[in-house]
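Enquirer: Let me give you the structure first, and then I'll get to my questions.
The values are calculated or read from the model by the stated rules, or taken from the named source; none is laboratory data. If you're wondering where the values come from, they're calculated on a predicted model, not measured in any experiment. Every residue, glycine among them, receives a Cβ derived from its backbone with ideal geometry; neighbour counts consider all protein chains shown. Ligands, DNA and RNA are excluded from the accessible area calculation, which covers all protein heavy atoms including side chains. Shrake-Rupley method; radii C 1.70, N 1.55, O 1.52, S 1.80 Å.
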Amino acid sequence: MGALPWPVAPGDLVRVEFYKFPGDSLHYFWEARVVEVRPEGVLTLLPQGETFHHVAKGRRVVLDHDAYVAFFPGAWYSGGPDVREGRVLEYYWNVQTPAEWTGRGFCQYDLELDVKCRADHTCEVFDREEFQAKRPLYPRVWVEEAEKAVLAIFRHMEEGRWPVLPPGEPLPWLERI
């Protein structure tokens, strides 16, 4: 594997931005710390007590857990475990356009589909209705890649690839805004 396309190192602070298509409206964002850099990607952390900004809903949420999000070069998804006191609460995966470097962080278009997985690695797809409603607006390749990304996420979890942790006791889904 070659070098990562992003100039980041552990300890760096990065801004993560998700946009909505069509147009360029900022959907949500947060500031994260880079905790690990590997050939396969970059793992970031939004720690407990920090703020997630949901611009589209006009809300800010202070996290009561640690949220890890891995970005993989060229991948049509990002995500990782939500953890509290060393215990995986769930995994949250965003289906998106591949992350681009802005000079200070990552930006991508949110493609509506989300995959949530319990600590025992059982997964469900969420927001299919929103994806179907937006499907005619997306470029055809985006639709195709989004559908492939869902399968790739399931495979990622089944194979326990980084940053997936060993299976644990499943918990109820976290409430999301």
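Enquirer: Confirm whether LEU63 is within 13 Å of the chain's Cα centre (by Cα) and open to solvent by less than 30 Å² (accessible area, probe 1.4 Å).
Expert: No: the conditions fail for LEU63.
Enquirer: Being open to solvent by 10 Å² or more (accessible area, probe 1.4 Å) and assigned to a strand (DSSP E or B) is the filter here; which residues of segment 71-93 pass it?
Expert: TYR77, VAL83, ARG84, ARG87, VAL88, LEU89, TYR92
Enquirer: Can LEU113 be described as within 12 Å of the chain's Cα centre (by Cα) and either in a strand (DSSP E or B) or under 15 Å from HIS156 (Cα atoms) (or both)?
Expert: Considered against the rule, which asks whether it is within 12 Å of the chain's Cα centre (by Cα) and either in a strand (DSSP E or B) or under 15 Å from HIS156 (Cα atoms) (or both), LEU113 comes out as yes.
Enquirer: In segment 126-146, which residue that is hydrophobic (A, V, I, L, M, F, W, C) and crowded, with 16+ Cβ neighbours inside 10 Å is nearest to LEU174 (Cα to Cα)?
Expert: Among residues in segment 126-146 that are hydrophobic (A, V, I, L, M, F, W, C) and crowded, with 16+ Cβ neighbours inside 10 Å, the one nearest to LEU174 (Cα to Cα) is PHE126.
Enquirer: The conditions are (1) in a loop (DSSP other than H, G, I, E, B); (2) under 13 Å from the mean Cα position of the chain (by Cα); (3) over 26 Å from VAL8 (Cβ atoms), and VAL150 fails exactly one of them. Which is it?
Expert: Every listed condition holds for VAL150 apart from (1).
Enquirer: Filter segment 43-58 down to the residues that are in a strand (DSSP E or B) and at pLDDT 95 or above and list them by number.
Expert: Answer for segment 43-58, where residues must be in a strand (DSSP E or B) and at pLDDT 95 or above: LEU43, THR44, LEU45, LEU46, THR51, PHE52, HIS53.
Enquirer: Given the criteria open to solvent by less than 10 Å² (accessible area, probe 1.4 Å), within 20 Å of GLU50 (Cα to Cα), aromatic (Phe, Trp, Tyr) and within 8 Å of the chain's Cα centre (by Cα), does PHE106 qualify?
Expert: Answer is no for this residue.
Enquirer: Right, next: Could you please let me know if GLU145 is out of contact with any strand residue (DSSP E or B) (no Cβ under 7 Å at 6 or more places or on another chain) and part of a helix (DSSP H, G or I)?
Expert: Criteria met by GLU145.
Enquirer: Another question about this same structure. Restricting attention to segment 4-42, which residues are of a type in the set (Gly, Ala, Ser) and either in contact (Cβ under 8 Å) with a residue 24 or more places away in the chain or not in a loop (DSSP other than H, G, I, E, B) (or both)?
Expert: ALA9, SER25, ALA32, GLY41
Enquirer: Still on this structure, please answer the following. Taking PRO73, is it in contact (Cβ under 8 Å) with a residue 24 or more places away in the chain and either touching a helix residue (DSSP H, G or I) at 6+ places or on another chain (Cβ under 9 Å) or not small (Gly, Ala, Ser) (or both)?
Expert: Spelling it out, PRO73 is indeed in contact (Cβ under 8 Å) with a residue 24 or more places away in the chain and either touching a helix residue (DSSP H, G or I) at 6+ places or on another chain (Cβ under 9 Å) or not small (Gly, Ala, Ser) (or both).
Enquirer: Moving to a separate point now. Report, by residue number, each residue of segment 147-163 that is closer than 15 Å to ASN94 by Cα and either hydroxyl-bearing (Ser, Thr, Tyr) or open to solvent by less than 80 Å² (accessible area, probe 1.4 Å) (or both).
Expert: Passing the criteria: GLU147, ALA149, VAL150, ALA152, ILE153, PHE154, HIS156, MET157, PRO163.
Enquirer: Can you name the residue in segment 20-50 that is aromatic (Phe, Trp, Tyr) and under 13 Å from the mean Cα position of the chain (by Cα) and, of all such residues, is most open to solvent (accessible area, probe 1.4 Å)?
Expert: PHE29
Enquirer: Out of all the residues in segment 159-174, is one or more β-branched (Val, Ile, Thr), more than 25 Å from SER25 (Cβ to Cβ), part of a loop (DSSP other than H, G, I, E, B) and in contact with a strand residue (DSSP E or B) (Cβ under 9 Å, 6 or more places away or on another chain)?
Expert: The answer is yes; a qualifying residue exists.
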